[in-house]
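Just so it is clear, none of the values below were taken in a lab; they were calculated from the coordinates. The structure displayed is predicted, hence computed values, not measured ones. When we count neighbours, we look across all protein chains shown, and the Cβ atoms used for this are built from the backbone with ideal geometry, even at glycine.
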Amino acid sequence: MVQPNTEQYASRYTDLVRTVEKAGLLKRKHLYYWLQIGAHVTAFLGIWAGFFLLGDSWFQLTLAAALGVVVTQFGFLGHDAAHRQMFTSSAWNAWTARILAGAFAGLSFAWWRAKHNKHHKSPNLEGYDPDIGPGAIAFTPGIVAQRTSGFAGWFVKRQG
């Protein structure tokens, strides 16, 4: 069996990282994140104000859908902060992740960090990566093979 030339792959990765850095793709975009945080906090507060102003109405379902989108965005912003992409200070990033994901999306920072570290330790490895485990969407052929009948079987054939 021929072993792959690991130096060749390391060299390609090093070249790729240099290209990405030269293109400025790893620079923090402070203004972008401040605008995103401001816009989403404003939308969050506006939706809740709308709930109270609208009162008992079926139209609140549209506000609930909008709230779902905004809360999901807080999860993404918390993810970026937890990856230390927003600010130079790791403390600012950690607190921003806690506030955005915790206070606005209801995600525990400690739970997310433990789960995400497992994901980065074994990305896309069935049985090790918690992000590809069985759930509403089947991510691996093994999970697809388990879903052969009923709604799960119907859905897995159409999910992609």
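Out of the chymotrypsin sites (Phe, Trp or Tyr not before Pro) in the stretch 126-160, which ones are loop residues according to DSSP with at most 13 other C-beta atoms within 10 Å? Spell out each step's value before the answer.
Details: sites: 128, 139, 151, 154, 155; in loops: 128, 139.
Counting only loop positions with at most 13 other Cβ atoms within 10 Å, the chymotrypsin sites (Phe, Trp or Tyr not before Pro) in the stretch 126-160 are 128.
Please report, in whole Å, how far the alpha carbons of the chain spread along each principal axis, starting with the longest.
Here the Cα extents, ordered largest to smallest, are 70, 50, 28 Å.
Given the -39500 (n - 2.57) contribution per DSSP H run of 4+ residues, what per-residue ellipticity at 222 nm results for the chain, rounded to the nearest 500 deg cm²/dmol? Present the calculation step by step, with values, prior to reporting the outcome.
Working: 7 runs with 101 residues, N = 160.
After summing the helix terms and dividing by the residues of the chain, the value is -20500 deg cm²/dmol.
Could you work out the relative contact order of the chain, using alpha carbon pairs under 8 angstrom and six or more residues apart, expressed as a whole percent?
Values: 107 pairs, mean separation 18.4, N = 160.
Relative contact order here is 11 percent.
Which aspartates and glutamates have a Cα less than 19 Å from the Cα of residue 118, not counting those fewer than 8 places away in the same chain?
Of all the aspartates and glutamates, those that pass the test against residue 118 - Cα under 19 Å, at least 8 places apart if same chain - are 80, 126, 129, 131.
Roughly how big is the stretch 6-121's charge dipole about its Cα centre, with Cβ charges of +1 (Lys, Arg) and -1 (Asp, Glu), in debye to the nearest 20?
Numbers: 12 positive and 5 negative charges, 97 e Å.
For the stretch 6-121, the charge dipole is close to 460 debye.
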